[in-house]
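The values are calculated or read from the model by the stated rules, or taken from the named source; none is laboratory data. As the structure is a computational prediction, the values presented were derived from the model and not from experiment. Quick reminder, even Gly has a Cβ in these numbers, built from the backbone with ideal geometry, and neighbours come from all protein chains shown. For accessibility, only protein heavy atoms count, side chains too; no ligands or nucleic acids. Shrake-Rupley method; radii C 1.70, N 1.55, O 1.52, S 1.80 Å.
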Amino acid sequence: MHFRFINKLFLWTFLLHWDMYAIEAEETDALSGFQNLTKDYNKYLRPNFSEQPVEIAVTLEIASIASISEDNMDYTSTIFLRQRWLDERLVFEGNTSITLDPRLVQLLWVPDTYIVDSKKSFLHDVTVDNRLVRLYSNGTVLYALRITTTVACNMDLTKYPMDRQTCKLQLESWGYNDKDLVYKWMRGNDSVRGMDNLQLAQYTVEKYYINITTGMDETGVTTVLSMTTILMGSRSTLPTANCIKAIDVYLGICFAFIFGALLEYAVTHYCSEKHAARKEREKKIPPEEWQDNAVILVNNECKEMTKEDKIENLKSEIGTNHFRVNLGFWLKIREQLNMSISFFTVGNPENIDHYSRVAFPLLFLIVNLFYWLYYLYF
């Protein structure tokens, strides 16, 4: 009996060590495979560099909303942020996935996603960093994070405590534009979960929705400020002269082109908004109602009119004729204004941007040609 127990103990120990060895061997193979994938991998370049933008599929789970502060106009929430994208440089053989140690994320390219209007945020690190990195054989990368963040929320408290507030959680890329990186919701409206199970002390979650917008950052403004700093710095560091120097002319040219680019963006944005509003009106108004308003005058001549009625009717006709003359005058003015406005109306606002991409560099080269010819040879 004692001998059989020793045999069973030896067998269990052998199986346990064999399972541990198999797991270690599998992890070693996976790690060696990962090392082979990242041997010539450049984490500083995004996937599909200089080609189509990378699509980042996002899902969001709201674990909790700890507090909503009316004094500070913010809220604190813990979220699970999952991002998925395709990196063809990480394709490997097989039909499996590899779960990596979170510390290996430093060897991979990851999107520079940040939370807009976040006052403070931190990544949970008990007992290790709460993040997940999983590689799939087709090159898909899953990157999950557990974050607690305090986000600003502008509140209208005029109806407090019977108020309704709308707070948003906005995700953006810090450095990439829409030509390099594009976000999308992985499962449409089901990409945000956890809101139905939230229990708040003073608030009730009525509804939530997702949205995708393309924002314009302030990098044009930054360029103007940089040019202004350079211009002022050149005046303070270079020799003082009571004349316009060549560097002043060149910096002025650069400043003018930068300011022109800002104006081009403003005009394009305005025309795009007007174009979208006009399309919305055309969708709401049926084609049979696309006609100018007309004034219909109805005269009731069924009853016998007295002398006083005839006088009043004559005055009314005089007033009506005067009204018609004024109405026709103002309709002609409106028609002329519409014709003048339509002359400056842009049919396709995107053409402004397309033409500017060609006109601005070409004009800058021409101005530079005259500038250098003048200051070097005349």
If I ask for residues that are buried (at least 17 other Cβ atoms within 10 Å of the Cβ) and touching a Cys at 6+ places or on another chain (Cβ under 8 Å), which ones from segment 69-91 would you list? Asp74, Tyr75
Within segment 241-254, residues being assigned to a helix (DSSP H, G or I), at pLDDT below 85 and not aliphatic (A, V, I, L, M) number 1
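Counting only residues that are touching a residue at least 12 places away in the same chain (Cβ under 8 Å) and loosely packed, with under 11 Cβ neighbours inside 10 Å, which one in segment 115-160 is nearest to Thr204 (Cα to Cα)?
Of all residues in segment 115-160, those touching a residue at least 12 places away in the same chain (Cβ under 8 Å) come to 115-124, 128-155, 157, 160.
Filter again for loosely packed, with under 11 Cβ neighbours inside 10 Å, leaving 120, 122, 128, 157, 160.
Working: Lys120: 24, Phe122: 26, Val128: 34, Leu157: 16, Tyr160: 14 Å.
Of everything passing the filter in segment 115-160, Tyr160 is nearest to Thr204 (Cα to Cα).
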For segment 216-236, indicate whether the set of residues that are at pLDDT 85 or above, open to solvent by less than 100 Å² (accessible area, probe 1.4 Å) and touching a Phe, Trp or Tyr at 6+ places or on another chain (Cβ under 8 Å) is non-empty. no
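Please work out if Ser173 is touching a Gly at 6+ places or on another chain (Cβ under 7 Å) and open to solvent by less than 40 Å² (accessible area, probe 1.4 Å). Before you say what the answer is, go through the steps one by one.
On the way: touching a Gly at 6+ places or on another chain (Cβ under 7 Å): no; open to solvent by less than 40 Å² (accessible area, probe 1.4 Å): yes.
No, not satisfied.
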